[in-house]
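The values are calculated or read from the model by the stated rules, or taken from the named source; none is laboratory data. None of these values were measured; they are calculated from a predicted model. Note that we place each Cβ from the backbone using ideal geometry, even for glycine, and neighbour counts take in every protein chain shown. Areas reflect the complete protein model, heavy atoms only, side chains present, ligands, DNA and RNA absent. Shrake-Rupley method; radii C 1.70, N 1.55, O 1.52, S 1.80 Å.
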Amino acid sequence: MNDTMVTVVGNVATNVEYRETATGGMARFRFAVPSRRWDRQNGNWADGPTSFYTVFAWRSLAANLAGSVSVGEPLVVHGRLKVREEDGEGRRRTFVDIDATAAGHDLTRGTAAFRRVTRGEPVPAARRDEGPGESEETVVVRQAREPVAVP
């Protein structure tokens with residue numbers, strides 16, 4: 001296997017978008033990874049530029065991320081690095097994605113309570129009781145944040 005595997009530590013930058021597909025659930029979110037460097041002159045850590053990645057997760061990892069993660073929370077994400085280029089608006093753009101194989105909260109910056117999911121329980125479908133100003137897609141994202149069990 002010649003995949004480039006990476007482990008990155010950063011913060012969730014956008015809401016987790018969760019969707020059901022023919023092969024199971026899929027989740028996507030943007031992930032901000034700031035660079036930190038030791039500043040010898042000042043004797044402390046200094047923030048450098050921030051790299052942004054789009055993280056994709058599939059099946060049970062997708063559902064568990066959607067039910068567990070909020071914007072701003074610190075995570076550790078491990079997965080395959082994917083670089084893609086697209087032409088649009090007359091110029092070529094480069095995107096860096098991570099197909100996550102594992103993810104979890106960064107416990108150096110807080111605590112977490114783990115809840116094991118039971119296999120065989122269905123993933124809850126989106127309710128049609130949209131709140132004021134919410135689209136159906138927003139309801140799916142909002143509902144996905146509730147704890148879910150995935151086969």
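Ala57: part of a strand (DSSP E or B), open to solvent by less than 80 Å² (accessible area, probe 1.4 Å), modelled with pLDDT of 95 or more and over 17 Å from Arg30 (Cβ atoms), yes or no?
no
Residues to consider are Val55, Val83; find the one that is in contact with a Lys or Arg (Cβ under 8 Å, 6 or more places away or on another chain), free of Cβ contacts under 8 Å to residues at least 60 places away in the same chain and aliphatic (A, V, I, L, M).
Working: Val83 fails: in contact with a Lys or Arg (Cβ under 8 Å, 6 or more places away or on another chain).
Going through Val55, Val83 in turn, just one is in contact with a Lys or Arg (Cβ under 8 Å, 6 or more places away or on another chain), free of Cβ contacts under 8 Å to residues at least 60 places away in the same chain and aliphatic (A, V, I, L, M): Val55.
Write out, first by first residue and then by second, each pair whose Cβ atoms fall under 8 Å of each other, whose residues are 6+ apart or on separate chains, and whose first residue, in segment 18-37, is touching a residue at least 24 places away in the same chain (Cβ under 8 Å) and over 14 Å from Thr54 (Cα atoms) while the second is assigned to a strand (DSSP E or B) and of a type in the set (Lys, Arg).
Between residues of segment 18-37 that are touching a residue at least 24 places away in the same chain (Cβ under 8 Å) and over 14 Å from Thr54 (Cα atoms) and residues that are assigned to a strand (DSSP E or B) and of a type in the set (Lys, Arg), the close pairs are Gly25/Arg19.
Has segment 34-49 got any residue that is more than 25 Å from Thr118 (Cα to Cα) and within 15 Å of the chain's Cα centre (by Cα)?
no
Looking at Asp3, Asp47, can you tell me which residue is within 17 Å of Arg109 (Cα to Cα), touching a strand residue (DSSP E or B) at 6+ places or on another chain (Cβ under 7 Å) and at pLDDT below 95?
It is Asp47.
Tell me which residues, restricted to segment 102-122, are modelled with pLDDT of 80 or more, open to solvent by 100 Å² or more (accessible area, probe 1.4 Å) and either in contact with a Lys or Arg (Cβ under 9 Å, 6 or more places away or on another chain) or of a type in the set (D, E, K, R) (or both). Before the answer, list the steps.
Our first condition is that a residue be modelled with pLDDT of 80 or more; within segment 102-122, this holds for 102-117.
Going one step further and asking which of them are open to solvent by 100 Å² or more (accessible area, probe 1.4 Å), we end up with 107-109, 111, 114-116.
Passing the criteria: Arg109, Arg115, Arg116.
Please work out which one of (1) assigned to a loop (DSSP other than H, G, I, E, B); (2) modelled with pLDDT of 95 or more; (3) touching a Lys or Arg at 6+ places or on another chain (Cβ under 8 Å) is the condition Pro151 fails and give its number.
Pro151 satisfies all of (1) assigned to a loop (DSSP other than H, G, I, E, B); (2) modelled with pLDDT of 95 or more; (3) touching a Lys or Arg at 6+ places or on another chain (Cβ under 8 Å) except (2).
Looking at Arg28, Arg84, which one is buried (at least 17 other Cβ atoms within 10 Å of the Cβ) and not β-branched (Val, Ile, Thr)?
Result: Arg28 is the single residue among Arg28, Arg84 that is buried (at least 17 other Cβ atoms within 10 Å of the Cβ) and not β-branched (Val, Ile, Thr).
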